[in-house]
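Shown next, in structure tokens, is the structure this report addresses.
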Amino acid sequence: MLGKELTMPTFIQNYIDKLNISSILEELFSKSVSLVLLFIVFYIVKIILHQVVKRVVKPSLKFSQKDEARQKTISRLIENILNYTLYFFLLYFVLSTLGLPVSSLLAGAGIAGVAIGMGAQGFLSDVVNGFFILFERQLDVGDQVEFTNGPITISGKVVSVGIRTTQLRSEDEVLHFVPNRSITVVSNFSRKEEN
């Protein structure tokens, strides 16, 4: 029993001796600094892109023949697409900085994509319905609408129209996030005539 007590601390001591603590701390510091710089660059790029949308895209939409609600809808859609793209690249660079094999993860994601795709049918349905809602111009930001899906009816003012969800603010000031796949009938009270 006395021999076991002596070998255990010796084993731990040998393990600690083999560890190169200074190189581990250097690598940890290096990755931390890289991640901080990455998040700073991400934040700056996000601000720049939103300023470009605000100062270039929005004024150019004013010259088009679209009404103000349609301009807001299109500019918010552009902002959403830019945000999703930025977050994808942020995730990619964070994983690369951490030393994870991104190409292997993407290959594994391809295999897992089939399984995830089965569970993501609702998401894909949201995206497809979102495109039809936007391109058919069923509603715009600021419109007073009512959504009906079977016995469920939600009414309010459109706050945001996205690829995946549409946001409505009801008269009691509740913000409803409605998945686009759930929007089967749209009653738009703000439309007097079809353009």
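The values are calculated or read from the model by the stated rules, or taken from the named source; none is laboratory data. No experiment lies behind these values; they were computed from the predicted model shown. Positions of Cβ are generated from backbone atoms using ideal geometry, with glycine treated the same way; all protein chains shown enter the neighbour counts. In case anyone asks, the SASA skips ligands and DNA or RNA and just uses the protein heavy atoms, side chains included. Shrake-Rupley method; radii C 1.70, N 1.55, O 1.52, S 1.80 Å.
Proximity of backbone amide H atoms, modeled 1.01 Å from N, is registered between residue 176 and 168, 169, 170 at under 5 Å, excluding neighbours fewer than 5 places apart on the same chain.
Potential lengthening of the chain between residue 98 and residue 68 amounts to 6.3 nm, from the contour at 0.36 nm per residue minus the alpha-carbon distance. Counting every alpha-carbon pair across the stretch 137-191, the share separated by more than 16 Å comes to 29%. By accessible area, using a 1.4 Å probe on protein heavy atoms only, the stretch 137-191 has 49% of its surface on carbon and sulfur. In this rough spin-label picture, where each label sits 7 Å from Cα along the Cβ direction, the residue 25-residue 10 distance is 2.9 nm.
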